[in-house]
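See structure below.
A short reminder: the numbers here are calculations on the coordinates, not readings from a lab. Remember, it's a predicted structure, so these values are computed and weren't measured experimentally. Quick reminder, even Gly has a Cβ in these numbers, built from the backbone with ideal geometry, and neighbours come from all protein chains shown.
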Amino acid sequence: MLQMIHPEHDEHRTQISGTAPPFTASSHAADGKKHLLLAASGSVATIKIPNILHALSTHSNLSILLILTKSATNFLGGQSAEQPHLASLRQIRNVDGIFQDEDEWVHPWKRGQGILHIELRRWAHVLVIAPLSANTLAKITGGFADNLLTSVVRAWDTEGVIQGLGQGQGQGQGGKRRIVVAPSMNTAMWRHPVTR
């Protein structure tokens, strides 16, 4: 027999992403903070995310949202002190949300409602992808948008014209918003002709 599914079955999701209602950039437009969208793709260097977040926690005017690809979550499952469970990252100062691929369509979408990867793009002043795995690098350079991170990158306002047209929900004067990447792969992958 089928069991009725209730919202309380998804309690873990709201504890991680903090988005019981859908996330909207406009809700954070006047918070007076710089918005850093930090993303990790599936590389062993993902275990450095807690260190990065702790280092950034010293900045009082910074709001951080974290995107983890499915592969990245494999490195933050509570395996060791160096690899805490990703839910514990939410406790680090300035970390205001953690998003995963499945958060994109948690709520049934209605016309006129925001879409998570677009809202995250509107919200962010800068996107830092650290680590950027060989796989995600290949997806980005190929124009693929098959997960939350690559969808954000694909929707990024590379020319600064969309945010500059007032669609940035009060995010400032527009202008180009940067994507900063920290590739992380073994030397053979980095030197491989397909990476160039």
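Assorted remarks:
- The range 26-191: C-alpha gyration tensor shape, a/c 1.5 cut-off, then a/b vs b/c: prolate
- Residues S133, S41 arranged by fewest to most Cβ contacts within 10 Å: S133, S41
- For F99, residues with placed amide H under 5 Å, excluding near neighbours: L66, I67, L68
- Listed peptides 43-56, 176-189 by packing density, highest first (mean Cβ within 10 Å): 43-56, 176-189
- Per-residue Karplus couplings for the range 81-86, computed as 6.51 cos²θ - 1.76 cosθ + 1.60 with θ equal to phi - 60°, are listed in order as 4, 6, 10, x, 5, 4 Hz, Gly and Pro entered as x.
- Per-residue 3J(HN,Hα) values for the range 175-184, derived from phi via the Karplus relation 6.51 cos²θ - 1.76 cosθ + 1.60 with θ = phi - 60°, read x, 5, 10, 7, 10, 10, 10, 10, x, 9 Hz in sequence order (x marks Gly and Pro).
- Lysines with Cα under 21 Å of K34, excluding same-chain neighbours fewer than 8 positions away: K176
- Structural descriptor for the range 29-78: relative contact order 55 percent, calculated from alpha carbon pairs under 8 angstrom and at least 6 residues apart.
- Mean separation of Cα contacts under 8 Å, 6 or more apart, over the residue count of the range 26-191: relative contact order %: 27
- The length gained by stretching the chain between N74 and K110 to full extension, at 0.36 nm per residue less their Cα-Cα distance, is 9.8 nm.
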